[in-house]
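Take a look at the structure set out below.
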Amino acid sequence: MDAVLFLAAALRISVPYALAAVGACFSERGGVINIGLEGTMLIGALAFTLGAHATGSAWVGVVAALAAGALTASLHALVTVVLRADQITSGLGINLLAIGLCKYVLIAVFHSSSNSSRVPGVDPVAFLGIERIPGIGAVLASPLVWLAVAIIAVAQWALFRTVFGLRLRGAGERPEALATLGLAVGRVRTAGVLVSGLLAGLAGAWLASEQHSFTDGMTGGRGYIAIAAMIVGKWHPIGAAAACLLFGAAEALQIVLQGRQFPSELLQMLPYVVTMLALAGLIGRAVAPRAVGVPYDPERPQ
């Protein structure tokens, strides 16, 4: 039973990591670094809470989170793709914007600087009795879990088996070659950033739905770990999702070991230590897309 509970916790923790990491694959495969995933997730979680609070429907909250994620990503695309500003600076700016904006909205709507009122979450779906499986049934019965699995599979197919994916990877590897074919590099890159925003917003919706509320700073660095998972997964959606399961297992192990005479400081370090070890190359060398982080200027030789 302990093993089942551990597996359930690992899966629940991994879902927002995986959604954000898959989104990061699209952005970086197109040549745009999106450090702003952390802030986008936070804004998505707030949008979910506001939508669910206003209507009493968790699914309206999910739609609101998707819209908020896309809007935040549009800002990042405007600054980095259109205005060709530094991508790291833009992403950090979005993260700082999210912190201030969320606190302001919390105070204005819920009269608290730390948390919102309780809102409805996405209810489990009864299917073949799966919800009655002890320990893990509630997780497996969540529609968002299966939506995340479907997104990972579709993302892998879209990136490596479709014309869109070929063009997106071209924008991240050889944007000048893409331009010689008469394709707009900026539009392709913007599409990749928007996909990352949509998925990060959905990741934020998962966090708020699971907690049934919004808490200031509730993402807790998940956006940064998602980027690390993408790198460990070598910019492949399935690989990134597998890395997220590893990080989710490390965090679940931290929770399981609490109260068992392990030093709390060491337990708090565990997920980050696993992340650092993975990035240090324990599972192989990762090579980033050639033009990632480099603004494309059609008037300047690349």
Looking at (1) modelled with pLDDT of 85 or more; (2) open to solvent by 10 Å² or more (accessible area, probe 1.4 Å), can you tell me which one G197 breaks? (2)
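Hey, can you tell me all the residues within the stretch 14-37 that are touching a Lys or Arg at 6+ places or on another chain (Cβ under 9 Å) and either open to solvent by less than 20 Å² (accessible area, probe 1.4 Å) or of a type in the set (A, V, I, L, M, F, W, C) (or both)? It would help to see each step written out before you state the result.
Here is the first cut: in the stretch 14-37, the ones touching a Lys or Arg at 6+ places or on another chain (Cβ under 9 Å) are 16-17, 20, 27, 29-32, 37.
Listed by number, the residues that qualify are P16, Y17, A20, S27, G30, G31, V32, L37.
Take the residues in the stretch 39-63 that are open to solvent by 30 Å² or more (accessible area, probe 1.4 Å) and without any contact (Cβ under 8 Å) to a residue 40 or more places away in the chain; name whichever of them is nearest to the chain's Cα centre (by Cα).
If we filter the stretch 39-63 for residues that are open to solvent by 30 Å² or more (accessible area, probe 1.4 Å), which is where we start, we get 50, 53-57, 59-60, 63.
If we keep only those that are without any contact (Cβ under 8 Å) to a residue 40 or more places away in the chain as well, we get 54-55, 60, 63.
Details: A54: 25, T55: 25, V60: 20, V63: 16 Å.
Once the filter is applied, the top-ranked residue is V63.
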Look through the stretch 122-144, keep the residues that are among the aliphatic types (A, V, I, L, M) and open to solvent by less than 50 Å² (accessible area, probe 1.4 Å), and return whichever of them is nearest to E210 (Cα to Cα). V122
Mind checking whether some residue in the stretch 156-168 is touching a residue at least 60 places away in the same chain (Cβ under 8 Å), of a type in the set (A, V, I, L, M) and either in contact with a strand residue (DSSP E or B) (Cβ under 6 Å, 6 or more places away or on another chain) or open to solvent by 70 Å² or more (accessible area, probe 1.4 Å) (or both)? no
For V32: the one exception among (1) assigned to a helix (DSSP H, G or I); (2) over 18 Å from G204 (Cβ atoms); (3) under 17 Å from the mean Cα position of the chain (by Cα): (1)
How many residues are open to solvent by 10 Å² or more (accessible area, probe 1.4 Å), out of contact with any Leu (no Cβ under 8 Å at 6 or more places or on another chain) and touching a residue at least 60 places away in the same chain (Cβ under 8 Å) when one looks only at the stretch 64-85? 7
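Has the stretch 212-225 got at least one residue that is more than 25 Å from V139 (Cβ to Cβ), open to solvent by less than 10 Å² (accessible area, probe 1.4 Å) and part of a helix (DSSP H, G or I)?
Initially, the stretch 212-225 is screened for residues more than 25 Å from V139 (Cβ to Cβ), giving 216.
Retained after the next criterion (residues that are open to solvent by less than 10 Å² (accessible area, probe 1.4 Å)): none.
Scanning the stretch 212-225, I find no residue that is more than 25 Å from V139 (Cβ to Cβ), open to solvent by less than 10 Å² (accessible area, probe 1.4 Å) and part of a helix (DSSP H, G or I), so the answer is no.
Look through the stretch 100-121, keep the residues that are in a helix (DSSP H, G or I) and open to solvent by 80 Å² or more (accessible area, probe 1.4 Å), and return whichever of them is nearest to T55 (Cα to Cα).
We begin by selecting, within the stretch 100-121, every residue in a helix (DSSP H, G or I); these are 100-110.
Pick out the ones that are also open to solvent by 80 Å² or more (accessible area, probe 1.4 Å) and you get 104, 107.
Numbers: Y104: 21, I107: 19 Å.
Out of the qualifying residues, it is I107.
Residues are listed down the side, and each one gets a yes or a no for (1) under 19 Å from A18 (Cα atoms); (2) acidic (D, E); (3) modelled with pLDDT of 80 or more:
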{"position": "F214", "(1), (2), (3)": "no, no, yes"}
{"position": "G223", "(1), (2), (3)": "yes, no, yes"}
{"position": "A226", "(1), (2), (3)": "yes, no, yes"}
{"position": "A250", "(1), (2), (3)": "yes, no, yes"}
{"position": "S264", "(1), (2), (3)": "no, no, no"}
{"position": "T275", "(1), (2), (3)": "yes, no, no"}
{"position": "G281", "(1), (2), (3)": "no, no, no"}
{"position": "R285", "(1), (2), (3)": "no, no, no"}
{"position": "P301", "(1), (2), (3)": "no, no, no"}
For R167, are the conditions met, namely being modelled with pLDDT of 95 or more and more than 30 Å from I13 (Cβ to Cβ)? yes
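The values are calculated or read from the model by the stated rules, or taken from the named source; none is laboratory data. As the structure is a prediction and not an experimental result, all values here were calculated from the model. Neighbour counts run over all protein chains shown; Cβ positions are idealised from the backbone, glycine included. When the accessible area is computed, the model is the full protein with side chains, heavy atoms only, and any ligands, DNA or RNA have been set aside. Shrake-Rupley method; radii C 1.70, N 1.55, O 1.52, S 1.80 Å.
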